[in-house]
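The values are calculated or read from the model by the stated rules, or taken from the named source; none is laboratory data. Keep in mind that this is a model prediction, so the values were computed, not measured. No Cβ is skipped: glycine too gets one built from the backbone with ideal geometry, and neighbour counts run over all protein chains shown. Remember, those area values only see protein heavy atoms, side chains included, never the ligands or the DNA or RNA. Shrake-Rupley method; radii C 1.70, N 1.55, O 1.52, S 1.80 Å.
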Amino acid sequence: MPVITFKNLRKAYGSAEIIHGIDLVMEDHEFTVFVGPSGCGKSTILRMLAGLETVTSGQILMNGKDISQLEPIERDVAMVFQDYALYPHMNVAKNMSFALRLAKYPKAEISQRINNVAAMLGLETLLHRKPGQLSGGQRQRVAMGRALVRDASSLLMDEPLSNLDAKLRVQMRTELAIIRDKIEKNIIYVTHDQVEAMTLGDRIVVMREGSIQQHGTPQELFETPANKFVAGFMGMPPMNFMDATLVEENDKLLAHTACFSLPVKDLHNKHQLPSSGEVTIGIRPSALLPVVAADETSEHTLTLLIKVCEYTGSQSLLIAEANGVRVLVEVNSQPSFKVGDNIKFSVKPSDIYVFDRNTELAIY
Amino acid sequence: MKSSSLNKLTPYFFIAPAGLVLALGLLYPISYMMYASFLDWNPSQLIGEADWVGLKNYSTLWQDYAFRESLWVTLKFAFSVVLIEMILGLSLALLLDRNMRGMSALRTIFILPMMIAPIVVGLMWRYMYHPSIGVFNRTLNSFGFESIPWLSDSTWALISIIIADIWQWTPFIFILCLAALQSLPRSTLEAARMDGANAWQQAFYIKIPLMMPVLIVTLLLRLIDAFKVLEVILVMTNGGPGLSTEIIALRISRTASEFRELGVAAAMSNYLLILLLLLTLSMFLYNRFIEQHRAKSFNAIGKTSP
């Protein structure tokens, strides 16, 4: 399987540049997920890789060979489309075999390949049906099957699960993870859903406005986000951000805000802090721990006024306020919290992220 | 009246005006024509004075050489123009379905012939076909070729009216095909590209099959229209030379006005109506048959191997 490399890849429509010089290496047999809000250019990058969009400048290399000017069929890639893009007048078997028939494969091989893929995807009984007679999940599987039958080295997926209902999406996500282990392919997957990105990807590329924000494993992105955007995008419910001033007292860093001050872990790159000490701090909703009454002595806490309590089962999401700033807190549903309560929370110093307020870059 | 029964009748009140117009404008003339076709009726008589002759008009028509010839000419004309127009219109649409500078202006120019009144089209082509001053023969002569007897030779006359009709009606098929093409799902065509289909393969395996419903309706509309064509041919050849371009609509018009046989003309119109109904019906039946046949063969494929 090839290593796919983007070198200073750019895309412009007229004078409007929408992809600003992407440099990226996607390793052999890796599941790469492009994630970002809509309009960030993730689908455009995928379509450029597929050959459906022209490359304005820069290169796409596959094992070192420049493929950026080749026709889609010459690139050894197969694609699953968001709306599946099945051929409505062909049955499932004909849909899946279209590329092979065009390439004039022998009949025996075509039917063998279709049977293999159909068995893997559970499509054996549907081969004679037309797309119109299939459910959304089945169509999705046929689209996947059509891409797999080609046996191209790389599989491109453009938001393949976004047209499914919530329950089916979770189910297909699991199936996708299972299939993924059965096939030896590079998979490049585009989604706006960070949960899909986290659960499926070996590596995630977070995009924003045509630029890469961060490229790394799900764990790296979650634990050490490169900037405020990545920190806010990865993780559900999203991270809380508050303006704070960092002050060093007795060799220890303290983050002061209008209504509380919390100790911050020792930073390696203190020199990156602005001299004024003005930063944005980030705290994940799950990092806020309610302080039990017996532990009142704890000196660094923040008090939050509970505005809304969203019960979701074993966990509850509290929407609270501290001095007019909205803060999300994820807690166990027991003991329960009441709307209107003022509750004290503590945060481990290592759970506080520090961002430069101007550049929004994370400081570690 | 109770309000509930009034409520039930409301939809009928709403469609009543349309129904009335339909009855007056369509059913009345058709039944009048049906009735007239059983009469030996001279235009100088009132319809009540005409003699009832039963099916005589229908049976004598089959012994009438002129009628059979005219039917044959109509069939030749209709099927050849529609076939050529479909091929040309579809090919043009496939060719011009792309975003290029000036394409919208070109499309507008393409549909101009359709907007010209049929009488004007007839006159225009008659002048262009003129044996000595017409543009075709002058061009041929200037290249050193012999003149062609466009409208004065019986074989050429039919070809000439076919050419004129193609010129006028290809745009109709073109714009319908173009609209059908532009409403095809983009991602399906992109998927075909990803699967390695070149432009020809995309057209034959994806675009045309997906356009089929539109193509069938277009074909039907054009066939019905081609069977009824009158004005252009009336102006260009008036059916001549001989009976070589006397299509059935022209024959009907002459039977009624020149030969003064309204009953025969009505019977002829009925034959045309029946022909068109049969055509429409067979096309729908064919369509249904094809769909069932496909479903069956797909089942067979599914049972054995893909």
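Odds and ends about this structure:
- Taking Lys and Arg as +1 and Asp and Glu as -1, the other residues whose beta-carbon sits under 12 Å from that of B:Ile206 total +2.
- For A:Gly41, the shell of other residues with beta-carbons less than 15 Å away shows a net charge of -1, using +1 for Lys and Arg and -1 for Asp and Glu.
- Percent accessible area from carbon and sulfur atoms, segment B:64-295, protein chains only, probe 1.4 Å: 69
- Contact order normalised by residue count of chain A, Cα under 8 Å, 6+ apart, percent: 15
- Protein-only accessible surface order, largest first, of A:Val25, A:Val292 at 1.4 Å: A:Val292, A:Val25
- Each residue of segment B:10-22 was assigned a 3J(HN,Hα) from its phi angle through the Karplus curve 6.51 cos²θ - 1.76 cosθ + 1.60 (θ = phi - 60°); the sequence is 3, x, 5, 4, 5, 8, 4, x, 5, x, 5, 4, 4 Hz, with glycine and proline shown as x.
- Interface of A with B. Using a 1.4 Å probe and counting protein heavy atoms only, the two chains hide about 2300 Å² of accessible surface, both sides summed.
- Normalising the average separation of contacting C-alpha pairs (under 8 angstrom, six or more residues apart) by the number of residues puts the relative contact order of segment A:240-356 at 30 percent.
- Accessible surface for segment A:1-144, divided over its residues, is 41 Å² per residue with a 1.4 Å probe.
- Semi-axis lengths, Å, segment A:240-356, gyration tensor of Cα atoms, sqrt of 5 times eigenvalues: 27, 14, 12
- In sequence order, segment A:69-80 has phi-based couplings of 10, 7, 5, x, 5, 7, 9, 6, 10, 10, 9, 10 Hz under the Karplus curve 6.51 cos²θ - 1.76 cosθ + 1.60, θ = phi - 60°, and Gly or Pro positions carry x.
- Taken residue by residue and averaged, Cβ atoms of other chains lying within 10 Å of the Cβ of A:89-97 number 4.
- Segment B:2-29-segment A:24-98 distance, computed between alpha-carbon centres (Å): 57
- Each listed q (0.29 Å⁻¹) maps to a log10 I(q)/I(0) for segment A:1-69, found by the Debye formula over equal Cα scatterers with no solvent: -1.50.
- The Cα trace of chain A gives Rg and Dmax of 24.7, 79 Å, the first to one decimal, the second as a whole number.
- Peptides ranked, highest mean first, by Cβ atoms within 10 Å: ranges B:31-44, A:141-154: A:141-154, B:31-44
- Dipole magnitude of segment B:64-295, debye to nearest 20 (Cβ charges: Lys/Arg +1, Asp/Glu -1, about Cα centre): 520
- Protection proxy ranking of B:208-219, A:233-244 - average other beta-carbon atoms within 10 Å, highest first: A:233-244, B:208-219
- Threshold 50 Å² - residues in segment A:42-57 whose accessible area is reduced by that much or more when the chain is no longer isolated, probe 1.4 Å: A:Leu52
- Other residues within the sphere of radius under 15 Å centred on the Cβ of A:Asn323, judged by their own Cβ, net out at +1 (K and R +1, D and E -1).
- Of the residues making up segment B:171-196, those losing 20 Å² or more of accessible area when the isolated chain is joined by the remaining protein chains, with a 1.4 Å probe, are B:Ser187, B:Thr188, B:Glu190, B:Ala191, B:Arg193, B:Met194, B:Asp195, B:Gly196.
- Where N is the number of residues in the protein assembly as shown, Cα Rg divided by 2.2 N^0.38 Å: 1.44
- One Cα centroid belongs to segment A:6-23, the other to segment B:149-196; the line between them spans 40 Å.
- Based on DSSP H segments of at least four residues, each scored -39500 (n - 2.57), the protein assembly as shown has a per-residue ellipticity at 222 nm of -14500 deg cm²/dmol.
- Rounded percent of accessible protein surface that carbon and sulfur make up, segment A:300-364, 1.4 Å probe: 49
- Taking every residue in A:114-126 and counting other chain Cβ atoms within 10 Å of its Cβ, the average works out to 1.
- Rounded accessible area per residue of segment A:246-363, 1.4 Å, Å²: 56
- Cα gyration tensor of chain B - equivalent ellipsoid semi-axes, whole Å, descending: 39, 34, 20
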